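This report refers to the structure that appears directly beneath it.
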Amino acid sequence: MLEQPAIKALEVIANTLVGTGRYQTQTEAIRGIAIEQVNRKISLYESRVKRFEKKHRANFEIFGKRLRGRATIRQEDEWMEWEAALAMLAAWRNAKKAIEN
């Protein structure tokens, strides 16, 4: 549950955006802000995943298969970063679905 200072901050931001005419209601403004932020995060993690795919000329599964039993520490670190990027991408995509429904 949100604490009062967070609620107050969202109200101030929403009222400001409603006042500019960009949104008609506080709810619409907060939802719009949330969707914009989620879209930014999705773009960020899509970019990270694409960078790994380009660098290794493979998707995550193929890269993992290549490393089995012979990965260096650096390669293992990259594998973990790639795995984390995929997990965050999935989480942000799920958040977007939840907001849009």
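Can you go through Lys96, Lys8 and tell me which one is at negative phi, touching a residue at least 60 places away in the same chain (Cβ under 8 Å) and assigned to a helix (DSSP H, G or I)?
Answer to the check: Lys96.
Please work out if Leu44 is out of contact with any Lys or Arg (no Cβ under 6 Å at 6 or more places or on another chain), hydrophobic (A, V, I, L, M, F, W, C), under 19 Å from Ala98 (Cβ atoms) and not in a helix (DSSP H, G or I).
Here the answer is no, as Leu44 does not meet what is asked.
Given the condition aromatic (Phe, Trp, Tyr) and outside the structural domain of Ile7 (by TED's automatic domain parsing), answer yes or no: does some residue in the range 19-26 qualify?
No, that holds for no residue.
Let me confirm something: among Val38, Val49, Val18, which residue is surrounded by 15 or more Cβ atoms within 10 Å (Cβ to Cβ), touching a residue at least 60 places away in the same chain (Cβ under 8 Å) and touching a helix residue (DSSP H, G or I) at 6+ places or on another chain (Cβ under 6 Å)?
Just one listed residue meets the conditions, Val38.
Of all residues being more than 26 Å from Lys41 (Cα to Cα) and among the β-branched types (Val, Ile, Thr) in the range 61-86, which is surrounded by the most Cβ atoms within 10 Å (Cβ to Cβ)? Just the residue, please.
Filtering first and then ranking leaves Thr72.
Which condition does Ile73 not pass, out of (1) more than 23 Å from the chain's Cα centre (by Cα); (2) touching a residue at least 60 places away in the same chain (Cβ under 8 Å), if it passes all the others?
Failing condition for Ile73: (2).
Can you tell me which residue in the range 16-42 is farthest from Met88 (Cα to Cα), limited to those that are among the β-branched types (Val, Ile, Thr) and in contact with a Leu (Cβ under 8 Å, 6 or more places away or on another chain)?
Here the answer is Ile30.
The values are calculated or read from the model by the stated rules, or taken from the named source; none is laboratory data. This is a predicted model, so every value here is computed, not measured. Note: ideal-geometry Cβ built from the backbone for every residue, glycine included; neighbour counts use all protein chains shown.
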